[in-house]
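Enquirer: Take a look at this one; I'll ask things after.
The values are calculated or read from the model by the stated rules, or taken from the named source; none is laboratory data. Just so it is clear, the model here is predicted, and its values are computed rather than measured. Ideal geometry is used to build each Cβ from the backbone, glycine not excepted, and the neighbour counts take in all protein chains shown. Heavy atoms of the whole protein, side chains included, go into the accessibility calculation; ligands, DNA and RNA do not. Shrake-Rupley method; radii C 1.70, N 1.55, O 1.52, S 1.80 Å.
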Amino acid sequence: MIRQTPYRLGILGSGKGSNMAGIAEACIRGQIPGQVALVLCDVGDAGILAKAKERGIPAQYIAPGKFRTKLDDDAERLYIERLRHAEVDLVVMAGFMRILKGEFLRAFAGRVVNIHPSLLPAFPGLQAWKQALDYGVKVTGCTVHFVDQGVDSGPIIAQETVPILPTDTATSLHERIQDCERRLYPRTIAALAEGRISMRGRQTIWTSSS
Ligand code: GRF
């Protein structure tokens, strides 16, 4: 069935916003049949806010409250309220550095995705590219997954590999992984927007576009 209204994305970020920019451009190009309806950020001077405003996308800073790794209850409620008000179909975490708790995940059940810079379940958590380099693996990559209450533990939707070169530093490897993210995230969000991804247990099944 063809959707009448454009698919609406709510993006959460704390950093530079390169994934957000890539997703917004994919919407404009028509690769994603949708639009970025709202950007929310927990860091007042983060690049993602400026990048959103340059593109005419509504963007707001919402103070996270007193915790370092999660939103406090009042802040989480505000995030939910703003995203609901913007009528988002999908919540896209793009470098958002806080864990989302039960109330948020229940409000958007099955509709929250994240991108992580490793081939999960290897190297969850912070600086995953550095973890991979230090461990000595030969291949790493990036993963798009549904978000659950754990850290980088939800069902995997898509992955792409990045080889680790003998000459790599943490910076060069991170850059190549981010190039990979900018390809994989828009492609995966497009498939979600087109209703081409379904679940069987923890497995996600892709249907090809007609
Ligand atoms: C990305 O590399 C993503 O893997 C991680 O945070 C980074 C965000 O970068 N979760 P940006 O803000 O999209 O530039």
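Yes or no, residue by residue, for (1) touching a Ser or Thr at 6+ places or on another chain (Cβ under 8 Å); (2) over 14 Å from Ile11 (Cβ atoms):
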| position | (1), (2) |
| --- | --- |
| Glu81 | no, yes |
| Glu87 | no, yes |
| Leu100 | no, no |
| Val113 | yes, no |
| Val151 | no, yes |
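Enquirer: Give the range 55-64 a look and list any residue that's loosely packed, with under 14 Cβ neighbours inside 10 Å and either of a type in the set (A, V, I, L, M, F, W, C) or modelled with pLDDT under 95 (or both), or say none.
Expert: Ala63
Enquirer: Among the residues in the range 83-95, are any touching a residue at least 40 places away in the same chain (Cβ under 8 Å) and loosely packed, with under 13 Cβ neighbours inside 10 Å?
Expert: yes
Enquirer: Go through the range 138-210 and tell me which strands (runs of 3 or more DSSP E), entirely inside it, have 2 or more residues that are over 13 Å from the mean Cα position of the chain (by Cα) and more than 22 Å from Gly125 (Cα to Cα).
Expert: Here the list reads 197-200, 203-206.
Enquirer: Within the range 112-126, does at least one residue satisfy the condition of being out of contact with any helix residue (DSSP H, G or I) (no Cβ under 9 Å at 6 or more places or on another chain), more than 16 Å from the ligand (Cβ to nearest atom) and under 21 Å from Asp42 (Cβ atoms)?
Expert: No: the range 112-126 contains no residue that is out of contact with any helix residue (DSSP H, G or I) (no Cβ under 9 Å at 6 or more places or on another chain), more than 16 Å from the ligand (Cβ to nearest atom) and under 21 Å from Asp42 (Cβ atoms).
Enquirer: Something else now. Looking for whichever is touching a strand residue (DSSP E or B) at 6+ places or on another chain (Cβ under 7 Å), more than 11 Å from the ligand (Cβ to nearest atom) and within 20 Å of Ala75 (Cα to Cα) here; the options are Gly13, Gly44, Gly34. Which one fits?
Expert: Result: Gly44 is the single residue among Gly13, Gly44, Gly34 that is touching a strand residue (DSSP E or B) at 6+ places or on another chain (Cβ under 7 Å), more than 11 Å from the ligand (Cβ to nearest atom) and within 20 Å of Ala75 (Cα to Cα).
Enquirer: Please tell me if Arg196 is under 23 Å from Tyr7 (Cα atoms), surrounded by fewer than 18 Cβ atoms within 10 Å (Cβ to Cβ) and among the basic types (Lys, Arg).
Expert: yes
Matching residues to (1) touching a residue at least 12 places away in the same chain (Cβ under 8 Å); (2) open to solvent by 60 Å² or more (accessible area, probe 1.4 Å); (3) not in a loop (DSSP other than H, G, I, E, B):
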{"site": "Ala24", "(1), (2), (3)": "yes, no, yes"}
{"site": "Ile28", "(1), (2), (3)": "no, yes, yes"}
{"site": "Ala37", "(1), (2), (3)": "yes, no, yes"}
{"site": "Leu40", "(1), (2), (3)": "yes, no, yes"}
{"site": "Asp45", "(1), (2), (3)": "no, yes, no"}
{"site": "Lys53", "(1), (2), (3)": "no, yes, yes"}
{"site": "Lys66", "(1), (2), (3)": "no, yes, no"}
{"site": "Tyr79", "(1), (2), (3)": "yes, no, yes"}
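Enquirer: What residue, of Thr140, Thr171, is open to solvent by 30 Å² or more (accessible area, probe 1.4 Å), of a type in the set (Val, Ile, Thr) and either within 14 Å of the ligand (Cβ to nearest atom) or closer than 29 Å to Leu71 by Cβ (or both)?
Expert: Thr171
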